[in-house]
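Here is the structure we will look at.
The values are calculated or read from the model by the stated rules, or taken from the named source; none is laboratory data. Please read these numbers as outputs of a predicted model, since none were measured by experiment. Please note: Cβ atoms are built from the backbone with ideal geometry, for glycine as well, and neighbour counts cover all protein chains shown. Heavy atoms of the whole protein, side chains included, go into the accessibility calculation; ligands, DNA and RNA do not. Shrake-Rupley method; radii C 1.70, N 1.55, O 1.52, S 1.80 Å.
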Amino acid sequence: MAVFDDLPPPGSDDTDGSDSTKVLSSDQATMNQELAKAKEQEACLIIIRGTPQGHRFFITQDEMVLGRDPTADISILDQSISRRHAKVTKSGGKVLITDLGSANGSLINDKKLAPDAPRPLAKEDMIKLGNTVMKFLPQGELETLYMGNLGSAAHTDALTKLYNKRYLLEVLEVEFKRAKALHTDFALLFFDLDHFKKVNDTYGHDAGDHVLREFAALVRANHIRPKDVFARYGGEEFVLLLANTGIKDASDIAERIRGAVETHAFIYEGKRLSVTTSMGVAELTTGIESANSLLKHADQALYAAKGAGRNQVVIADAP
């Protein structure tokens, strides 16, 4: 896939009128690095239409089940997909897909698969499961990297470079259902910066943006594990999703973040700004039946922390 944004429009004055052909220079070293990265990538399925759009599922096992069930190897949030809808298998250097007798069937390039009949996948095959459409890319394709960068841009908050609210809610829904189905621990931290409006009013919005960026970098660099999802919820509010984490460990993480923020030197134009954070912690329990309910419990704990004087961690009460 190529993008030619740098080419002048037809009829522009950027031509010299000669008949000679100009050779466009390129950074061959960068291209070689990109190609080397691509060779390391496994074959993958990319969601073209569905949730989360742009997400890549790498085919890392010899057999992987696709379905709505949170326990599926490739779990897709789509009610029109069967719990165990199809499977992909690797054999002899090829990737094959098999429909598992799904209710709505599996289509490859608009042709319906017969149940239990493996079909080899080719580059850019379009796979339709329910209302979700995915594209297949074999191992080593450069487009896999491009699609990953494209997806990252759609899911990233421009100021802090964290995940944005839209992506957070999509992942929260999927991880909540997975934890519920597998009976694993799952916790959520909801927090914001105390008296942030005062920073903007006193020092200006550039100072506020500086604090948000530095806060995000501080937490991400020192307190985020590889599988955690850290996102900007909006304004000065942030959320951290902690899979396979119980309430004690989650509250310990929250306290470490709170302490790190309190002692960190936020310097703007030679002045140290006072920055603290209040945090609410909630965990998945039997009384919480939805991802939104878990988020609300953490939010209520956050407001309890602010009401109790700020710069502290409060654990949500069990529902």
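General observations
- Oblate is the label for region 164-203, because a/c, from the alpha-carbon gyration tensor with a ≥ b ≥ c as root eigenvalues, is 1.5 or above and a/b does not exceed b/c.
- Multiplying the residue separation of SER91 and GLU63 by 0.36 nm and subtracting their alpha-carbon distance yields 9.1 nm.
- Spacing of the two label points (7 Å from each Cα toward its C-beta) at ARG213 and HIS195, in nm: 2.5
- If you sort MET279, MET126 by accessible surface, 1.4 Å probe, largest first, the order is MET126, MET279.
- Viscosity 1.567 mPa s, 4 °C: Kirkwood-radius Stokes-Einstein D of region 219-319 over Cα pairs, µm²/s: 90
- Share of carbon and sulfur in the accessible heavy-atom surface of region 149-225 [1.4 Å probe, %]: 52
- This model, with +1 at the C-beta of Lys and Arg and -1 at the C-beta of Asp and Glu, gives region 184-303 a dipole about its Cα centre of some 220 debye.
- Accessible surface ranking that places the most exposed of THR277, THR285, THR60 first, with a 1.4 angstrom probe: THR60, THR285, THR277
- Simple rule: put +1 on each Lys or Arg Cβ and -1 on each Asp or Glu Cβ in region 245-319, find the dipole, and look at ALA304, ALA291, GLY259; the Cα lying farthest toward the positive end is GLY259.
- Shape category assigned to region 167-262 from the gyration tensor of Cα positions, a/c cut at 1.5: prolate
- The order of THR98, THR202 by accessible area, most exposed first and with a 1.4 Å probe, is THR202, THR98.
- To the nearest 10, the accessible area of GLU175 is 50 Å² with a 1.4 Å probe.
- Of the Cα atoms belonging to region 210-267, the radius of gyration and Dmax stand at 11.5, 36 Å.
- Region 47-89, accessible surface, carbon-and-sulfur percent (1.4 angstrom probe): 40
- Listed peptides 260-273, 186-199 by packing density, highest first (mean Cβ within 10 Å): 186-199, 260-273
- In the assembled protein chains, SER80 presents an accessible area of approximately 30 Å² (probe radius 1.4 Å).
- Given LYS227/LYS296; LYS90/LYS248; LYS112/LYS296; LYS177/LYS306; LYS177/LYS198, the pairs whose alpha carbons are separated by over 32 Å: LYS90/LYS248; LYS112/LYS296; LYS177/LYS198
- Solvent-accessible area per residue for region 188-319 (1.4 angstrom probe, square angstrom): 48
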